[in-house]
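To start, the structure itself, in structure tokens.
The values are calculated or read from the model by the stated rules, or taken from the named source; none is laboratory data. Quick caveat: nothing in here was measured; it's all calculated off a predicted structure. For neighbour counting, all protein chains shown are included, and Cβ atoms are generated from backbone atoms with ideal geometry for every residue, glycine included. Side chains are part of the model used for accessible areas, which takes the heavy atoms of the whole protein and leaves out ligands, DNA and RNA. Shrake-Rupley method; radii C 1.70, N 1.55, O 1.52, S 1.80 Å.
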2 protein chains.
Amino acid sequence: MTTISPDRVLADLNRLRDFGRHKTGVHRPSLSTEHNAACHWFAGRMADAGLTPAIDGIGNVYGSAPGATRKLLTGSHLESQNYAGWLDGPLGVVYGLEAARVINGDPAFAGRGVDVGVWFDEEGHFGHFLGSRSFVDGLSDADIDSAVDRTSGRTLREALAAAGLADKPRTQVKPSDYIGYLEAHIEQGDWLEAKGLNLGIVTSIVGIWQFSVTFTGTQNHAGTTRMAIRRDAGLALTDLCGAIARRFPEVAGERTVWTTGRITLDPGAPSIIPGTAEMLFQIRDADLATLQRMEAALADLVAASDAAGPCRARYQALRKSMPAVMAPHMQAALADAATKHAGNRYTRMPSGAGHDAQILSKVMSAGMLFVPSIGGISHHWTENTSDADIVLGAQVFATACASLLREAEV
Amino acid sequence: MTTISPDRVLADLNRLRDFGRHKTGVHRPSLSTEHNAACHWFAGRMADAGLTPAIDGIGNVYGSAPGATRKLLTGSHLESQNYAGWLDGPLGVVYGLEAARVINGDPAFAGRGVDVGVWFDEEGHFGHFLGSRSFVDGLSDADIDSAVDRTSGRTLREALAAAGLADKPRTQVKPSDYIGYLEAHIEQGDWLEAKGLNLGIVTSIVGIWQFSVTFTGTQNHAGTTRMAIRRDAGLALTDLCGAIARRFPEVAGERTVWTTGRITLDPGAPSIIPGTAEMLFQIRDADLATLQRMEAALADLVAASDAAGPCRARYQALRKSMPAVMAPHMQAALADAATKHAGNRYTRMPSGAGHDAQILSKVMSAGMLFVPSIGGISHHWTENTSDADIVLGAQVFATACASLLREAEV
């Protein structure tokens, strides 16, 4: 029986909250002073746990189990969204660290062990999954050259140099070393809470398809241009939003979500009819066919807007990540552990958010465990999970790690 | 018979186009180097015409007819919108200057004369009608202290100091010196062109009622928050835009216009459900009762959105300028002059744009003359008017000035 230390898990998580503390959450953007300090502190905790820590040239913090030839990889991230929650990321790396503490060095697991990866910039301050992509070899030097902090405008190269990482090599995975990757994360939604459950086992991570829809009309004076002759790009845009709100529920899957996150009217002045307008529109679903059906519906509505006039309407895909299916035997190990520690208080569910597990799943079997988010709140400093759920999740995670490693051949 | 010089009018207008030339238009923001140069050049042209020029502490350029005790005031502005048209403003000051040239000094007008005012910042880089408001005593030092260039962020105090105007007093009108104010301007719409007419006589200048409508929902993760529980402030906003588009035509007057010029979703990120959203909404009409009816319709729709939920909706008025009626005898003088020079090729019409005449009309009788805008284009560098229409307008303007002064008692 692999038994975690609840106090140690909670103490590590609370210590991490000190790095960039903001009210009850944290402000710890990638490569900020606070983030760098958190990474160095965590590398020290890895060493305390008997792991061999290293920080590589993209800012990944890696703790390697010495003497192990068959390993289970765990991990998550330590940077936060701006002024956001304390558990989004840290929960997963502390669970991994705790699993390493209770498994590595146990004679029952001779030659086997748990590694812990802290993946850089999962939150996307500089790009998309830069750390885990670098680790699986999906990131070029050119990608790093062009990356810029979306808030401060600082280049990634500058930020890496300031953190003393400019000349370090980037570590890349050798997949055959691993039996798979297991990541824990807060749910970030209210599904578990609404159903009165304590654990979620992820079946797949949604694909995120992001589009820019642009409207071109005629910029003109808002006082002297009669309504009848206007070509108001902003009006065409808000009309499309209405059409989406009517049409999309008819073609969506049970858990499909879609969001208009940004609207820009140009020039954006109170007395000028917008000549162009743009919206950022996103669709998420765990099923590829559903994503394709939703994009087709969007295409139809944009084409109908364009044909009806008076503005031109066009859309283009900015990003299309594929849904990532979690390995059935990883799901089974998590389900067995959940049943053991929590009876039937768990469910299988897709992840509506992206996670590093979707990147790691390209080169090894991957699985994910969710714990509940109070009120479903995420990406806000009020994000939280009960201590009891944090501790239960850590135990289920460690038990699943142990059972997967127990089955592994050395 | 008062006869203008077509070549002189066109030459002055084309010379002004050199200050800040941008393609076929100009970029000449208030108190920019180019705008200051244009003002100084124009003051020189005033002096050449026998006027006594002065630039005061708010940047108004004033040309006073020496020896006249009963005067007609003319004017407009010399700054432009950013990267905008060459005639928007200059047309009116050059017409005034030409009228002064052909009337002042004519023995038939002994003791009477035309003054020319170049009103600062009609285009609102720093505020609303700062120059003409200062002239009629509607502007406090505190208003100047708080004014900031909307594009560059430079304070008005800094800009005035850089132009050498920091310590100059501001000139204020003595209304009893004047029989009234006459301003010419490009139409900025397509009404005259659509009707095949060459001149517009303004009956009134629209009131501009500007509102901020704000929606408050709940900011949350765009992937993990189910559609059913979202409180998407952006969606509430675009729904209101749809409701306005359906309802407003039913309650509008023939020439009422309404515009959503800016939409802001907060935080404006592709993966975050907007927690708050704001739109700038504007209504214009020449009739007060119509404006009141339109505001009531807006209030109803906002209240309905708020009541329906799931977001809170509120609106507030940011600015309410009253419609300004042009004096009947000024309209009559313009109509007589138009009939004389253009037969029936003119019409009476409201002005959908605001003009300094609405400020001057608070202290004296005011009238306005429009010339056609090709294609109705305004606030864009392609704005234009045919030379023939420019010349015809200048002649009608001078004839109307002469007839008004001829009737004036010295």
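Couple of notes before you dig in:
- Sub-9 Å Cβ pairs linking a first residue in region A:1-22 that is surrounded by fewer than 15 Cβ atoms within 10 Å (Cβ to Cβ) to a second residue that is part of a strand (DSSP E or B), at least 6 apart or interchain, are A:Asp18/A:Val26, ordered by first then second residue.
- For region B:204-225, filtered to residues that are farther than 19 Å from A:Gly223 by Cβ and more than 7 Å from every other protein chain (Cβ to nearest Cβ), the residue that is surrounded by the fewest Cβ atoms within 10 Å (Cβ to Cβ) is B:Thr216.
- Considering region B:343-387, and only residues there that are among the aliphatic types (A, V, I, L, M), within 16 Å of the chain's Cα centre (by Cα) and part of a helix (DSSP H, G or I), the residue that is farthest from B:Gln81 (Cα to Cα) turns out to be B:Leu360.
- Those residues of region B:27-39 which are in contact with a Lys or Arg (Cβ under 6 Å, 6 or more places away or on another chain) and surrounded by 24 or more Cβ atoms within 10 Å (Cβ to Cβ), in sequence order: B:His35
- The set of residues in region A:343-398 being within 14 Å of another protein chain (Cβ to nearest Cβ), open to solvent by less than 40 Å² (accessible area, probe 1.4 Å) and on the phi > 0 side of the Ramachandran plot consists of A:Gly376, A:His379.
- Here A:Thr339 meets each of (1) more than 13 Å from chain B (Cβ to nearest Cβ); (2) in a strand (DSSP E or B); (3) within 30 Å of A:Tyr178 (Cα to Cα) with one exception, condition (2).
Results for (1) in contact with a helix residue (DSSP H, G or I) (Cβ under 6 Å, 6 or more places away or on another chain); (2) within 27 Å of B:Ile4 (Cα to Cα), shown as yes or no for each residue.
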residue: B:Ala324; (1), (2): yes, no
residue: B:Met330; (1), (2): no, yes
residue: B:Ser351; (1), (2): no, yes
residue: B:Glu383; (1), (2): no, yes
residue: B:Ser386; (1), (2): no, yes
residue: B:Val391; (1), (2): yes, yes
residue: B:Thr399; (1), (2): yes, yes
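- Test for B:Ala402: is it of a type outside the set (Phe, Trp, Tyr), open to solvent by less than 30 Å² (accessible area, probe 1.4 Å) and in a helix (DSSP H, G or I): yes
- Within region B:269-292, the set of residues being touching a helix residue (DSSP H, G or I) at 6+ places or on another chain (Cβ under 6 Å) and open to solvent by 30 Å² or more (accessible area, probe 1.4 Å) comprises just one member, B:Thr276.
- Test result for A:Glu187, more than 8 Å from chain B (Cβ to nearest Cβ), under 30 Å from A:His341 (Cβ atoms) and charged (D, E, K, R): no
- Hey, A:Val93 among the hydrophobic types (A, V, I, L, M, F, W, C), modelled with pLDDT of 95 or more and open to solvent by 10 Å² or more (accessible area, probe 1.4 Å) or not: no
- In region B:128-182, residue modelled with the highest pLDDT [restricted to those that are surrounded by fewer than 16 Cβ atoms within 10 Å (Cβ to Cβ), in contact with a strand residue (DSSP E or B) (Cβ under 9 Å, 6 or more places away or on another chain) and of a type in the set (Asp, Glu)]: B:Asp145
- Scanning region A:345-387 for residues that are under 19 Å from A:Lys195 (Cβ atoms) and either free of Cβ contacts under 8 Å to residues at least 24 places away in the same chain or of a type in the set (Lys, Arg) (or both) returns A:Arg345, A:Arg348, A:Ser386.
- Considering residues of region A:304-342 that are closer than 26 Å to A:Asp389 by Cβ and without any contact (Cβ under 8 Å) to a residue 12 or more places away in the chain only, the residue least open to solvent (accessible area, probe 1.4 Å): A:Ala332
- Qualifying strands (runs of 3 or more DSSP E) (wholly inside region B:226-335; at least 3 residues being within 23 Å of the chain's Cα centre (by Cα) and within 9 Å of chain A (Cβ to nearest Cβ)): B:257-266, B:276-285
- Residue under evaluation A:Leu192, criteria (1) open to solvent by less than 40 Å² (accessible area, probe 1.4 Å); (2) farther than 22 Å from B:Ser271 by Cα; (3) within 13 Å of chain B (Cβ to nearest Cβ), criterion not met: (2)
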